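**Student:** Here you go, one structure.
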Amino acid sequence: SDSEATEKAIDAKLTEFGIGASLNEIFTGLTGTSLVAITPSVPFPAISFVLPRSPVADKLIALGLSKLGTKPPAEGASILIPIPNAPVAVSLVCDKSTWLISSDAALSDQWLAGKPNNGWADSTAGKLALNKAPTDAYLIGSSDTPNVLRLVAGYAGMGLAMAKGVTPEQRQAILQGINVLAANAATGYV
């Protein structure tokens, strides 16, 4: 059938790339709960991926890193992934049960210290999301909109100071508007 032919073609490409696992083995071998998180960071919000360790996940990580000319960290260690022209540093952390790929340096450091939440579960946004989530939730998210707007205000102030054609009164009105939004915004959850 067409699906079998497609699967065989994909398996051939996976072998060609040196993965050493079939498409079926990859899908059945990636087990557990994965996580994607976006956290505040400077100069850009940070993004993090958590992937449960398995023989297939370990192979995929090793293959990806080999294409970048490096090797995975040992269990209990981390490395900076050498990504050409990346505007931020990206860490890869390996512990007994998970891989963490993150542009959040604080999270990467805390992960190995055994404090991976960085306070999210105790934050206003985290408490709201966890309180509203049903017991069978497979995705939980939150947005601390007031703090995001406060962070944006700092960058907006710098940008407006350099903007040509914007009067001091306009700058002040824009910044005051952002501050009013921050004061009236609510924390959100998914």
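The values are calculated or read from the model by the stated rules, or taken from the named source; none is laboratory data. These figures come from a predicted structure and were not determined experimentally. For neighbour counting, all protein chains shown are included, and Cβ atoms are generated from backbone atoms with ideal geometry for every residue, glycine included. Surface areas here come from the heavy atoms of the whole protein model, side chains and all, with no ligands, DNA or RNA. Shrake-Rupley method; radii C 1.70, N 1.55, O 1.52, S 1.80 Å.
**Student:** Scan around residue 142 for amide H atoms under 5 Å from its own, H built in the peptide plane at 1.01 Å from N, and keep only partners 5 or more places away or cross-chain.
**Tutor:** 190
**Student:** Among residues other than residue 41 whose Cβ falls under 14 Å from its Cβ, what is the net charge (Lys/Arg +1, Asp/Glu -1)?
**Tutor:** Counting the neighbours of residue 41, the net charge comes to -3.
**Student:** What does the extension gain come out to for residue 80 and residue 181, with contour length at 0.36 nm per residue minus their alpha carbon separation?
**Tutor:** Separation in residues times 0.36 nm, less the Cα-Cα distance, equals 32.6 nm.
**Student:** Turning to a different aspect of this structure: Helix-derived [θ] at 222 nm for the chain: sum -39500 (n - 2.57) over DSSP H runs of at least 4, divide by residue count, nearest 500?
**Tutor:** Working: 7 runs with 87 residues, N = 190.
It lands at -14500 deg cm²/dmol.
**Student:** Residue by residue through region 103-114, which ³J(HN,Hα) values in whole Hz follow from phi under the Karplus form 6.51 cos²θ - 1.76 cosθ + 1.60 (θ = phi - 60°), with glycine and proline marked x?
**Tutor:** 9, 9, 4, 5, 4, 4, 5, 6, 4, 6, 7, x
**Student:** When only Cα pairs under 8 Å and 6 or more residues apart are kept, what is the percent relative contact order across region 1-154?
**Tutor:** Details: 189 pairs, mean separation 21.2, N = 154.
This gives 14 percent for region 1-154.
**Student:** How big is the dipole moment of the chain about its Cα centre under a simple scheme where the beta carbon of each Lys and Arg is +1, that of each Asp and Glu is -1, and everything else is neutral? Debye, nearest 20, please.
**Tutor:** 580 debye
**Student:** Please give the per residue accessible area of the chain, computed with a probe of 1.4 Å over protein heavy atoms only, in Å².
**Tutor:** 65 Å²
**Student:** Next question. Which one, 12, 30, 129, is farthest towards the positive end of the dipole of the chain when Lys and Arg carry +1 and Asp and Glu -1 on their Cβ?
**Tutor:** 129
**Student:** Quick check on region 26-91: take the gyration tensor over C-alpha atoms, sort the square-rooted eigenvalues as a ≥ b ≥ c, and tell me if it's rounded (a/c under 1.5), prolate or oblate.
**Tutor:** Working: a/c = 2.14, a/b = 1.31, b/c = 1.64.
Oblate, because a/c is 1.5 or more while a/b does not exceed b/c.
**Student:** Would you calculate the separation in nanometres between label points at residue 169 and residue 97, each defined as 7 Å from the Cα along the Cα-to-beta-carbon direction?
**Tutor:** 6.1 nm
**Student:** Just how large is the dipole of region 1-81 about the Cα centre, in debye to the nearest 20, putting +1 at every Lys and Arg Cβ and -1 at every Asp and Glu Cβ?
**Tutor:** Using Cβ point charges on Lys, Arg, Asp and Glu, region 1-81 gives about 360 debye.
**Student:** Rounded, prolate or oblate: which fits region 57-150 when a ≥ b ≥ c are the square roots of the eigenvalues of the alpha-carbon gyration tensor, with rounded for a/c under 1.5 and prolate only if a/b beats b/c?
**Tutor:** prolate
**Student:** Please list, in order along region 155-168, the HN-Hα scalar couplings obtained from phi with the Karplus expression 6.51 cos²θ - 1.76 cosθ + 1.60 (θ = phi - 60°), rounded to whole Hz, x for Gly and Pro.
**Tutor:** Listing the rounded values in order: 5, 4, x, 5, x, 5, 5, 9, 6, 7, x, 9, 6, x Hz.
**Student:** Dipole of the chain (Lys/Arg Cβ +1, Asp/Glu Cβ -1, origin at the Cα centre): which of 46, 172, 65 lies farthest to the positive side?
**Tutor:** 172
**Student:** Also, I was wondering about something else. Using a 1.4 angstrom probe on the protein heavy atoms only, could you order 26, 38 from most to least accessible area?
**Tutor:** 38, 26
**Student:** Using only the Cα atoms of the chain, build the gyration tensor, take square roots of its eigenvalues as a ≥ b ≥ c, and label the shape rounded, prolate or oblate: rounded if a/c is under 1.5, else prolate if a/b is larger than b/c, else oblate.
**Tutor:** It is prolate, given that a/c is not under 1.5 and a/b is the larger ratio.
**Student:** Relative to the present Cα-Cα distance, how much length would full extension add between residue 139 and residue 2 at 0.36 nm per residue of separation?
**Tutor:** 45.9 nm
**Student:** If the only charges are +1 at each Lys and Arg Cβ and -1 at each Asp and Glu Cβ, what is the size of the charge dipole of region 41-109 around the Cα centre, to the nearest 20 debye?
**Tutor:** Working: 5 positive and 5 negative charges, 52 e Å.
Dipole about the Cα centre, nearest 20: 260 debye.
**Student:** Shifting gears a bit: Tabulate in residue order the Karplus-calculated ³J(HN,Hα) for region 138-154, using 6.51 cos²θ - 1.76 cosθ + 1.60 with θ = phi - 60°, rounded to whole Hz; enter x for Gly and Pro.
**Tutor:** Taking θ as phi minus 60°, the curve returns 10, 9, 10, x, 8, 9, 8, 3, x, 5, 4, 5, 5, 5, 4, 4, x Hz for region 138-154.
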